Amino acid sequence: MTEELNALTEARREDTNLSPVSKIEIYSFFDPFSKDCFKLSAILSKLRIEYHKYIRIRHILNPSLRVLTKCQAQSTSNYDNVALVYKAAELQGRVRAERFIHLLQNEIIPKRDIVTEQMVDHCIECAGLDHEVFMDDLRNRNLTESLKVDLHIAREMDINLSPSLVFFNEDIQEEGLKVEGLYPYHIYTYIINELMGTQIEKELPPKLEDYIQQQHLVTFEELLTIYEWPEKVMTKELKKLTLQQKVEEIQYEDGYFWRAKN
């Protein structure tokens, strides 16, 4: 990873005539049952907040045999098979599909739970998906063919690990920069700035209350990633929102989480 970053920096220094890039394409390959992928989703949320003018993120459920076998093993039908329901959600748009899978991960990662039909129904509703269209697509679309397309993409990019991000600039002649595993936030921002080749103005995050409302369920670690506040300050702000009955703290096996109160 260090060698790839050094090579990126040297290439940028050697060619001072490069025109600034307007958009960076990021392919995100994830395992829906992986804690590291769950943690990376917070980093991607922060990237999307700060750099939404400059990046496009495409989430791809890693179609490796290990991941697909895991999806099949914990399912009783197509309706609770994570791989297939995610592909069905994608047919209603990537933004809603990303929202859907994030909600689903919120259910299965903190609670160490398996996916159920009731859980899928809840996530469909919260993600703003059309349930009737979703069910029709799940029954009548050949979603396994769509998974094969993802498998081809993963093979072309030599994806062997989840999570993996692949960064592309607008030059189709250049290979993407692959980052396997989980790294601190500044590594990803460094890559984006180097690929953009120009000064970037970052956007500010929304109010804490609004972000928790948008995400439905958040970890303390995720909030620290998004806002970069000292832990004492974050704790104080969460207590304040709790006293105002705007958020509530809940505990699962893996720790404490916060969600907006209805």
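The values are calculated or read from the model by the stated rules, or taken from the named source; none is laboratory data. Since the model is a prediction, treat every value here as computed from it, not as a measurement. FYI the Cβ positions are ideal-geometry reconstructions off the backbone, even for glycines, and counts take in every protein chain you see. Side chains included, ligands, DNA and RNA excluded: accessible areas come from the protein's heavy atoms. Shrake-Rupley method; radii C 1.70, N 1.55, O 1.52, S 1.80 Å.
Quick notes on this one:
- Residue count for the range 115-127, restricted to those that are buried (at least 20 other Cβ atoms within 10 Å of the Cβ) and either assigned to a loop (DSSP other than H, G, I, E, B) or hydroxyl-bearing (Ser, Thr, Tyr) (or both): 2
- Qualifying residue in the range 123-132 (condition: within 27 Å of Arg66 (Cβ to Cβ), in contact (Cβ under 8 Å) with a residue 40 or more places away in the chain and of a type in the set (A, V, I, L, M)): no
- Checking Pro32, Pro63 one by one, the residue that is buried (at least 20 other Cβ atoms within 10 Å of the Cβ), out of contact with any Asp or Glu (no Cβ under 7 Å at 6 or more places or on another chain) and touching a residue at least 24 places away in the same chain (Cβ under 8 Å) is Pro32 and no other.
- Filter result for His102 (open to solvent by 40 Å² or more (accessible area, probe 1.4 Å) and not in a loop (DSSP other than H, G, I, E, B)): no
- Unmet requirement for Ile212, which otherwise passes all of (1) open to solvent by less than 20 Å² (accessible area, probe 1.4 Å); (2) at positive phi: (2)
- The range 215-234, subset part of a helix (DSSP H, G or I) and over 22 Å from the mean Cα position of the chain (by Cα), residue surrounded by the most Cβ atoms within 10 Å (Cβ to Cβ): Met234
- Considering Lys53, Lys46, the condition of being open to solvent by 20 Å² or more (accessible area, probe 1.4 Å) and either under 30 Å from Ile200 (Cβ atoms) or of a type in the set (Phe, Trp, Tyr) (or both) is satisfied by Lys53 alone.
- The criterion of being surrounded by fewer than 20 Cβ atoms within 10 Å (Cβ to Cβ) and part of a helix (DSSP H, G or I) does not hold for Arg112.
- Helices (runs of 4 or more DSSP H) contained in the range 1-96 and holding at least 3 residues modelled with pLDDT of 90 or more, among the aromatic types (Phe, Trp, Tyr) and out of contact with any Cys (no Cβ under 7 Å at 6 or more places or on another chain): none
- Inside the range 239-262, residues that are in contact (Cβ under 8 Å) with a residue 24 or more places away in the chain and either part of a helix (DSSP H, G or I) or of a type in the set (S, T, N, Q) (or both) make up a count of 1.
- The numbered conditions (1) open to solvent by less than 40 Å² (accessible area, probe 1.4 Å); (2) not in a helix (DSSP H, G or I) are all true for Glu203 except (1).
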